[in-house]
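Have a look at the structure below, then the notes.
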Amino acid sequence: MRIQGISDIISKRFLAFLGQSNTKKVLGVLIFFSITILIVFSNFNPKQVTLKPDEVARRDIQSNTTSVIIDEAKTKELKKQAAAKVQKVYQEDTYALTATRNEVNSFFSLVRDIRATEEEDDKDKLQELLDNINKEGRNIETKNNSSQLAQYLKNATPEDLQQMQVTSLSLIPGLMQKPITEETLDNVFDQASKQIDQLEFSLQAREIMKIVVINAIKPNLVFNKEATDKAIKEAMDAVKPVQKTVKVGEKIVREGERVTAEQISTLEQLGIQRSKSYPLTLVGSAIFVLLTFWLTIEFIRRYYRKIYENHMLMLLIGLIFILMLSITRFITLIKIGDLPDINALIGYLTPVAAGSMLVAILLDNRLAYFFTMIMALYVGLLTEGNQLFYAITAFVGGTVGIFQVYRLNQTSDLARSGFYIALANIISILTLSLIGGNVTLNLILVGMVIGAVNGILSAVLMIGALPYLESAFSITSMIKLLELSNPNNELLKRLLMEAPGTYHHSLMVGNLAEASAEPIGANPLLVRVGAYYHDIGKIKRPEYFVENQRGLDNPHEKIAPALSALIITSHVREGVEVAREAHLPLDIIDFIEQHHGTSLAKYFYSRALEEDREGTLSEESFRYEGPKPQSKEVALVMLADSVEAGVRSLQDPNPEKIKNMVRRIIQDKLNDGQLEACDLTFKDLDVIANSFCTSLEGLYHKRIEYPEIIVREFEKRREKHGDHDNQPAEQD
């Protein structure tokens, strides 16, 4: 019993843990992370054998594909030969001659300083000076030792020292006029020794001059290791890999043979040999996937907080990503017979644009650009050959796809997007082929065909997946909005037949709101469709709304103002019920529910005040239930709804009256706090007001008045023939 109780406690706590929001996110990320790792690592998964050099093969090993591989042994030998031919790079030392002269002058200056002291140890100091000159190991063979030469320096006259110095300096330019490197120094030393031996100086003087001059001479060309290494690297890089073709079924290793390093290299390139970096490959794949996941999640968290906090939308992004990744991995497995050059172009077939367009349509176009960039990285990682070219083409195609679905006006735009993606792919492949030097006509034609197929495939995948994703995640995409804007929609047809005045009013509101949507950053299509359905609840009791009365008796005159207000405000609740029965998207239901906010039914409230003698009237009972508009789009429809109704009530509307009415209505909504829950700015409201005025002035512009004589003539004809349609047509 006790164990059972502990088990129940653990189960409850575990279920509570799973129910936490952050826990769901972590589990979701771990699941998608694991799937991604499997897909990525499957591309690097080593095959079957693990052989070592000089090991005896236990069976025949043959190639499963026709592949072009690199002969690493021959390539290495050619690189070695190219490196051996590179000459060392030297840099001129412009100070070498000056430094040599300075050392000679310094020696004789020190000799004079030592002699000037006239101390007993002058000879020892001079000997030490001579010994220090040979610090670099350039010991000169002399018949006199350093002690004897020091004695000579001590006893020499100033004139002799001066002559030795001048002569030594005169020899140096001739010795250093040619390029001197460390390797040619010995030749220069021999030349200096011979020239000094021919001078008419005493033996001791010549030997001292040899020591001084030879030890002072420096290379005027200094070895530049960095430049030499660079030249060697460039020479080795210039060597093109030696390629060889391995056919399907060709035996790489025969049973009973000793395996060579070259055969192991071939097996590794074919993916048959288990690489030494097998564990590192798994670690590297995991780190790469982790990095891309972190970048994506952090990007969404920073710039798309609503999506980040919505588990279903995050799941949608993950599903699209895994779908595109799986298709990419499948495409990399496609091989077309024994055509390695054409097989190398298969990477251009990856339909990244399909995922890009799905994200743009279902979520956000800017987020789709980031998604495209991440997917392009995976395309480069999973494909073989020109991985950078494949990634670039995938990014270009995906970006063009986003351009095409950014603002959809009709469903045919979806199919047309495939054409533009194909065109972008063809241009990208052609351009990259020229950059890579792969300009054979056959390969370019095949690449262009693959690019065209990619565009069509992307459009087909996107169109095929879109309805299912829309339905599964309850997303109102532009395609759904276009369907709802069709006048043949059942609800719109009901509205036209049962409440024609409301229908035309909704069309007017849609036109007004749509015209000002894009300038303020709202979605024009969503605004238009929301306006079409915002008053759908009026089909329940259309005769109670003035636009549907058409000169008939007003039923509100026979009932109490409070009841009238209740009937009028209830069209919001009833509209929501109708919308839910018709399975309208939540985004459209928001328009129905919020387009009046918590506004006051002023007309009926004023009538009620007149009849309220006890002063017990509550304003709240004459307000709509709300909530207030939560988005720019709904707020825009609210303003357009009020403005259209207000301007329609004007007698003889002119631009000045229209402008005053529009500004007053917007100010009233602002003062009443109806716009406080949306993110409209004062600048947005000014743009909206100007747009409304422009649209309404065009609608209510002054018309040409017919002369009275023409009007009388038409009246006579109508009375004579009973033709009520034969009236003077209004002209603008």
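What follows is calculated from the coordinates using simple rules that are stated; it is not laboratory data. Quick caveat, the model's predicted, so the values are computed rather than measured. Glycine gets a Cβ as well: all are built from the backbone with ideal geometry, and neighbour counts include every protein chain shown.
Close amide H partners of Val222, meaning residues 5 or more places away or on another chain with modelled amide H under 5 Å apart, are Gln91, Glu92, Asp93.
Exposure proxy check: Leu126, Leu185 ranked by fewest other beta carbons within 10 Å?
Least to most surrounded, the residues fall as Leu185, Leu126.
Would you mind calculating the gained length between Phe41 and Leu290 on full extension (0.36 nm times residue separation, minus the Cα-Cα distance), in nm to one decimal? Write down the numbers at each step before the final one.
Numbers: separation 249, 0.36 × 249 = 89.64 nm, distance 1.32 nm.
Length gained between Phe41 and Leu290: 88.3 nm.
Separation between the Val26 and Phe223 pseudo-spin-labels, each 7 Å from Cα along Cα→Cβ, expressed in nm? According to this spin-label approximation, the distance is 6.0 nm.
Label zone of Asn486 (point 7 Å out along Cα→Cβ, amide N under 15 Å): in region 410-432 this covers 410-414.
If you take the beta carbon distance between Glu77 and Glu384 as r and set R0 to 22 Å, what does 1/(1 + (r/R0)^6) give as a FRET efficiency, to the nearest 0.05? Working from the Cβ atoms, E equals 0.30. Taking Cα centre as origin and charging only the Cβ of basic (Lys, Arg, +1) and acidic (Asp, Glu, -1) residues, the dipole magnitude of region 278-473 rounds to 400 debye.
Note down the Stokes-Einstein diffusion coefficient of region 481-699 in µm²/s, whole number, using a Kirkwood radius over alpha carbon pairs, 25 °C, and 0.890 mPa s. Please list the in-between numbers first.
Values: Rh = 17.7 Å.
Calculated translational D: 139 µm²/s.
Scalar couplings 3J(HN,Hα) for region 364-370, obtained by applying the Karplus form with A = 6.51, B = -1.76, C = 1.60 to θ = phi - 60°, are 7, 5, 5, 5, 5, 4, 5 Hz; x denotes Gly and Pro.
Neighbour counting of Cβ atoms within 10 Å sorts the residues His534, His311, His595, His583, fewest neighbours leading, into His583, His311, His595, His534.
Measuring how big region 278-473 is from its alpha-carbon positions, Rg and Dmax come out at 16.8, 52 Å.
At an R0 of 41 angstrom, the distance between the Cβ atoms of Leu319 and Glu697 translates into a FRET efficiency of 0.25. Converting phi to 3J(HN,Hα) with the Karplus coefficients 6.51, -1.76 and 1.60 and the offset θ = phi - 60°, region 476-490 yields 8, 8, 5, 5, 4, 5, 4, 5, 5, 7, 5, x, 7, 4, 4 Hz in sequence order, with x at every glycine or proline. Taking 7 Å steps out from each Cα toward its Cβ at Met312 and Glu619 produces label points 3.8 nm apart. Computing FRET efficiency as 1/(1 + (r/R0)^6) for Ala238 and Thr117, where r is the C-beta to C-beta distance and R0 is 60 Å, gives about 0.40. In this label model, Arg541 and Leu566 are separated by 0.9 nm, measuring between points 7 Å along each Cα→Cβ vector.
Express the Stokes-Einstein translational diffusion coefficient of region 521-570 in µm² s⁻¹, to the nearest whole number, given a Kirkwood radius over alpha-carbon pairs, 4 °C and a viscosity of 1.567 mPa s. This corresponds to a translational diffusion coefficient of 102 µm²/s. Given the Cα atoms of region 556-595, and with Rh set as the inverse mean 1/r over their pairs in the Kirkwood sense, what is Rg to Rh to two decimals? Result for region 556-595 is an Rg/Rh of 1.14. Here, region 140-187 yields an orientationally averaged convex hull projection of 4.6 nm² when only Cα atoms define the hull.
Multiply the residue separation of Asp190 and His583 by 0.36 nm, subtract the distance between their alpha-carbon atoms, and state the gained length in nm to one decimal.
Working: separation 393, 0.36 × 393 = 141.48 nm, distance 10.36 nm.
In short, 131.1 nm is gained.
For region 414-476 versus region 648-671, the inter-centroid distance based on Cα atoms is 51 Å.
Once the Kirkwood radius over Cα pairs is known for region 90-223, the Stokes-Einstein relation at 37 °C and 0.692 mPa s delivers a diffusion coefficient of 216 µm²/s.
For Ile252, the residues whose amide H sits under 5 Å from its own are Ile61, Gln62, Ser63, ignoring neighbours fewer than 5 places away on the same chain, with H placed 1.01 Å from N.
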